[in-house]
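The values are calculated or read from the model by the stated rules, or taken from the named source; none is laboratory data. Since the model is a prediction, treat every value here as computed from it, not as a measurement. Here the Cβ is made from the backbone with ideal geometry for all residues, glycine too, and neighbour counts use every protein chain on show.
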Amino acid sequence: MEQNSENKNGYLLEVDNLKTYFAVKRGLFRKTVGYIKAVDGVTFRIRSGQSLGLVGESGCGKTTTGRTITRLVPATEGQVFFEGVDMLNATAKQLLQLRRDISIIFQDPFGSLNPRMTVANIVGESLKVHKNITGTELANRVKGLLEKVGLPSDSVNWYPHEFSGGQRQRIGIARALALEPKLVICDEPVSALDVSIQSQILNLLKDLQQELGLTYLFIAHDLAVVAFFCDVVAVMYLGKIVEQAEAKELYQNPMHPYTKVLMSAIPDTNVSREGRRKIGKGEVPSALNPPSGCPFHPRCPLADTKCSEQMPMSEKKDGEHFVACWKCD
Amino acid sequence: MVNLKKKNQQLGLSYGELVWREFKKSRVNIIFLIFIIFLFCLAVFAPFLANDKPFVIRIDGQLRFPIFKSLTVSNYSVFLAAAAGLIQLLLIYRNRKRIDPSIRGAVLFRQIVVIATIVAAGIILLFIFFPRRLDATDYKSMLASGGATDAVFAPIPYGYARTDLEVREEPPSRRHWLGTDDVGADVLCRLIHGSRISLSVGFVAVGISSIIGVFIGSVLGYFGGKVDFIGMRFVEIMMAIPSFFLIITIVAFFPRSLFNIMIIIGITSWTQNARFIRAEFLKLRNQDFVQAALSLGLPLRSILFRHMLPNAIAPVLVNATFGIAGAIFIEAALSFLGFGVAPPTPSWGQMLSLGVSTTGRFLWWLTVFPGLAIFLIVLAYNLVGEGLRDALDPRLRRAV
Amino acid sequence: MSENDVLVSIKNLGVSFYSEDGIAKAVQDVSFSISKGKTFALVGESGCGKSVTALSIMKLIPFPPGEIVSGSIYFKDKNLLELSPKRMRTIRGNKIAMIFQEPMTSLNPVYSIGDQIAEAIMLHQHKTDEQAWADSVGVLKQVGISDPERRVYEYPHQLSGGMRQRVMIAMAISCRPELLIADEPTTALDVTIQMQILDLLDELQEQNDMSILLITHDLGIVAERAHKVAVMYASRIVEIAGCRALFDEALHPYTQGLLKSLPRLGVNKKRLDTIPGSVPEPLHFPEGCKFHPRCPLGNKDNRCRSVEPDLREVKPGRFAACWRVQGYQTEKERLEYGTKFGK
């Protein structure tokens, strides 16, 4: 373990102090009046074959992190290494290779599939473009992929709207797997699905991980789903990772007050009307105008003046447990 | 939420078929579509419907076929184009039965490219190698004088360029069903030949404006930012110019030819299309399926034209039908004002302008019939456009 | 539970939607009652008919294509389905109020929130403009919006999602309704905000002695908030029980499957249990029990495959619609079952 973390190449993906700012422009001449710090200094690493969960509420920058890593959104600062290749400064040729090695599964099973293309085209297009596979071989590959994700192989000629939400999500997974990627970024893959379908998709993703040795960056807002699915969990708040630990460690021993709030906010079927906890007040502040110091201090029950003035740095507590909080000693 | 077992394993429906199913639900749509097709047939077969040359005639005991000899290069070009269009339609029908929907789009595109190339090459070859001939024989007087027998004429046995001062400005009669104009040409004959001008002006002008509009709009919408900012100001400048006066000005400087009119209408009316496409692209740019295509590393060409354009084209298609109607109108207005095609080439607008003769008489048949023709074709295109919009819309909502 | 405690009683409600492809029975034979001052939860997956049931109580089913085809909805002693549209308007928004899932689109962007709340108050309670505005400040304060005197003049786009949902709730409770229908009130909100909103609903319920019909797909919310639960599947209620009783021991295989398929904090599992297949479409409902193709018990059972079970009381206070639940079949049916279908 120790050696592995020394050796940079033990990790498939390394994200170091990644920042993505969006300029806010106003007026006729599009003058920049401010920045939305969607991702503000995010650092994490994923070992090959593992899954890292990125949890947080809407607007915390988890989706932007995923899109910045795949260079769908330009990064402002920081470094991203994939298998030792500097992704943010990759040449066009390297980028093309990276596009094959990293794929994305999207949240919205309705918006993420082109409504004008048949399943065969949606799944097979990247094979055609990147690997020059055509004709019967392409058809067979597509059928194989569909079977792998649990869809009938005779559905290749249908359009996305002819499928249910869960089936569409399977199409999206098949598309993501077409180029045999090493890293799959799952952007809220189950949050738009029904309860009974969620578990099917989660199981499918787990099975595929075992079968194909995939590495996942799993982005979600549901801590219960992430805790089930991931080996390591990172909790994001306002563009920063506030706590990061192995899944088991995190839910057994949450340190950051925000993690605690998040955990107690998950509705649980084992808790009755009488036995439930109350939750703190306050809302997530806007990323355009974040609070000074620790971003969580206006909502934090433990906050004092230091918290409102100085930004806490991420510190290693025990083992692989990182927390960014002045109050967690 | 489809029952996967329930569907039989036939080839799926393409998007075009879905739209067609929706479109044909309304009877009005079908009626006016048939009307437009009917006009197309009229235009294509105009020389066989109204011609002063007979199909068959016996001169000195020998059978001759002067009508085929009298066909010009442009006639043959029209036939070639019409045949190509018909073949393309048949191919679409065949594709539906034979070809896997997943590659149907690509196949269709290839077919269109091949056929269009053949047509273009054919027309160029025709223009180069086709002998110019002029058959000035007056077969009717030959018949009258007994020099020829056994003639079979077209239903309207007059040429559109005929001048016959004896019958000028005659109201509708048995010989001239819709009357004659100021030089004695048959109005019905000129109406039929005039439909060629109106239809081709509409199609070519809208084709030009759609291609320019789609190209500029997609570039602005996809790249956004500074490109979009500067581009949109340019579009706004173009929109601020009153296009009809621009057309009149330009037409006044250039020779009066049909092609000039088409091109000028085309390059002044693309702004609406550009705005439509730009708006759709801005919206689509952030859709997940476009992001997915980007993340798969697909080439820009594929993202723009395979993933985004088919989802953005609907308003342009609808606008095109209205655009055809508008172009027909502009051409008619230009011809009415005397800036249109040069006589004797017939055009509906030009015929309208003859409604008040030089002697001051009001010739109602020269106003009513071309006017009615313009009215009907503009109405037909507008209604078909409306039907198309309705057919595209609910599908879009359900499919997206 | 005595008769007088019942605020709303729905019997054999049936709602159909007509389309070119056929008749979709969105709600079939739904019966339940809501007690005064209690929370009744209607839980189920998308398309199971829970929202349609709620809209039927408000008589807001769009016609065409939808139509209430059978049943009765008694609100106290009035059958809502027999009321004239005019009488219904005096109840809707006044005695029965509703909040929707999407706080972004359910407020009108061109009016200030004060305008929107005051309008409802003026309409139903015949108050003057000033009184109504004063009242709207009051309800905003009640739903926990800070600085309500200033906020009444703000427009929806100036508020966050959680705030907008609070405004929606303020509008709904402004006329002190006896029944509040909350259709997925927190689905569009973040988890921490979700808890705040649900807490607020609880508080308001206690203060106003209001009944809540809570419609949700989230079993966790149901467990923590409801007094009584009905589980819907494919347009029917498959199980009704007291909240704790349901989560302690679910009777219907669908409810059991749902509960097992949830990932839980602290429970370490390699795989989740799943319900195979997907929810059937209303136009292609299977024969017999609609759950049988996905049911671990009913899959091979002839009776499940051919006869649809209705909702029956199988234990005191426990209702279920499943042939395989103990105590469901009558003696006569058991005999008939044996002869007719064979074992």
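Mind checking which residues of the range B:209-247 are more than 21 Å from B:Arg301 (Cα to Cα) and β-branched (Val, Ile, Thr)? Selection gives B:Ile230, B:Val235, B:Ile237, B:Ile241, B:Ile247. Any residue at all in the range A:227-234 that's away from chain C (no Cβ under 12 Å) and not in a loop (DSSP other than H, G, I, E, B)? Yes, the range A:227-234 has at least one match.
Of all residues in the range B:136-156, which are in a strand (DSSP E or B) and among the hydrophobic types (A, V, I, L, M, F, W, C)?
Restricting attention to the range B:136-156, the residues satisfying the condition of being in a strand (DSSP E or B) are B:148-152, B:156.
Of everything in the range B:136-156, those that are in a strand (DSSP E or B) and among the hydrophobic types (A, V, I, L, M, F, W, C) turn out to be B:Ala148, B:Ala151, B:Val152, B:Ile156.
In the range C:156-174, is there at least one residue being more than 11 Å from chain A (Cβ to nearest Cβ), assigned to a loop (DSSP other than H, G, I, E, B) and surrounded by fewer than 24 Cβ atoms within 10 Å (Cβ to Cβ)? Checked the range C:156-174: no residue is more than 11 Å from chain A (Cβ to nearest Cβ), assigned to a loop (DSSP other than H, G, I, E, B) and surrounded by fewer than 24 Cβ atoms within 10 Å (Cβ to Cβ). Contact map, the range B:295-311: first residue at the interface with chain A (Cβ under 7 Å from one of its Cβ atoms), second residue of a type in the set (Phe, Trp, Tyr), Cβ cut-off under 8 Å, separation 6 or more or different chains; pairs are B:His307/B:Phe289; B:Pro310/B:Tyr15. Sort through B:Ile374, B:Ile330 and tell me the only one that's touching a Leu at 6+ places or on another chain (Cβ under 9 Å), modelled with pLDDT of 85 or more and in a helix (DSSP H, G or I). On inspection, the qualifying residue turns out to be B:Ile374.
Does at least one position in the range B:219-241 carry a residue that is buried (at least 22 other Cβ atoms within 10 Å of the Cβ) and not basic (Lys, Arg)? Show your work before the answer.
Taking the range B:219-241 first, the residues buried (at least 22 other Cβ atoms within 10 Å of the Cβ) are B:220-221.
Okay, now just the ones that are also not basic (Lys, Arg), so B:220-221.
Looking for residues that are buried (at least 22 other Cβ atoms within 10 Å of the Cβ) and not basic (Lys, Arg), one finds at least one in the range B:219-241, hence yes.
Only residues that are at the interface with chain A (Cβ under 8 Å from one of its Cβ atoms) and within 15 Å of the chain's Cα centre (by Cα) were counted in the range C:224-241, giving 3. When B:Leu199 is tested against (1) within 14 Å of chain A (Cβ to nearest Cβ); (2) of a type in the set (A, V, I, L, M, F, W, C); (3) touching a Leu at 6+ places or on another chain (Cβ under 7 Å), just one condition goes unmet, and that condition is (1). Listed here are the helices (runs of 4 or more DSSP H) enclosed by the range A:102-206 that have at least 2 residues being under 21 Å from A:Gly66 (Cα atoms) and either facing chain B (nearest Cβ under 8 Å) or not small (Gly, Ala, Ser) (or both): A:165-177.
Say we look at the range A:315-329 and pick out the residues that are at pLDDT 85 or above and out of contact with any helix residue (DSSP H, G or I) (no Cβ under 9 Å at 6 or more places or on another chain); which of these is nearest to A:Lys248 (Cα to Cα)?
Applying the first criterion (at pLDDT 85 or above) to the range A:315-329 yields A:321-326.
Filter once more, keeping what is out of contact with any helix residue (DSSP H, G or I) (no Cβ under 9 Å at 6 or more places or on another chain): A:322, A:324.
Working: A:Phe322: 14, A:Ala324: 19 Å.
Result: A:Phe322.
Restricting attention to the range A:60-101, the residues that are at positive phi and either crowded, with 21+ Cβ neighbours inside 10 Å or outside any loop (DSSP other than H, G, I, E, B) (or both) add up to 2.
If you check B:Ile67, B:Ile59 for being in contact with a Gly (Cβ under 7 Å, 6 or more places away or on another chain) and at pLDDT below 85, only one passes: B:Ile59. Every test in (1) under 18 Å from C:Phe319 (Cα atoms); (2) in contact (Cβ under 8 Å) with a residue 40 or more places away in the chain is passed by C:Ser33 save one, and that test is (2). The set of residues from the range C:187-223 being part of a loop (DSSP other than H, G, I, E, B) and either at the interface with chain A (Cβ under 8 Å from one of its Cβ atoms) or aromatic (Phe, Trp, Tyr) (or both) comprises C:Asp190, C:His217, C:Asp218. Filtered by the rule that a residue be assigned to a loop (DSSP other than H, G, I, E, B) and closer than 21 Å to C:Lys76 by Cβ, the range C:27-62 gives C:Lys36, C:Gly37, C:Lys38, C:Met58, C:Lys59, C:Leu60. Cβ-Cβ distances below 8 Å connect the following pairs, each with a first residue in the range A:238-258 that is within 14 Å of another protein chain (Cβ to nearest Cβ) and more than 20 Å from A:Val39 (Cβ to Cβ), a second residue that is crowded, with 20+ Cβ neighbours inside 10 Å and of a type in the set (D, E, K, R), and a separation of six or more residues or different chains: A:Leu250/A:Glu243; A:Pro254/A:Glu243.
Residues are listed down the side, and each one gets a yes or a no for (1) farther than 24 Å from A:Pro267 by Cβ; (2) among the β-branched types (Val, Ile, Thr); (3) within 12 Å of chain A (Cβ to nearest Cβ):
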site	(1), (2), (3)
C:Cys243	no, no, yes
C:Leu246	no, no, yes
C:Glu249	no, no, no
C:Gln256	no, no, yes
C:Thr274	no, yes, yes
C:Arg318	no, no, no
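Being in a loop (DSSP other than H, G, I, E, B) and under 27 Å from C:Ala223 (Cβ atoms) holds for only one residue in C:Lys260, C:Lys269, and it is C:Lys269. Here A:Thr32 fulfils each of the conditions (1) polar (S, T, N, Q); (2) part of a strand (DSSP E or B); (3) modelled with pLDDT of 90 or more apart from (3).
Can you say whether A:Ile69 is modelled with pLDDT of 85 or more and touching a Cys at 6+ places or on another chain (Cβ under 8 Å), as far as the supplied structure shows? Show your work before the answer.
Values: modelled with pLDDT of 85 or more: yes; touching a Cys at 6+ places or on another chain (Cβ under 8 Å): no.
So A:Ile69 fails the test.
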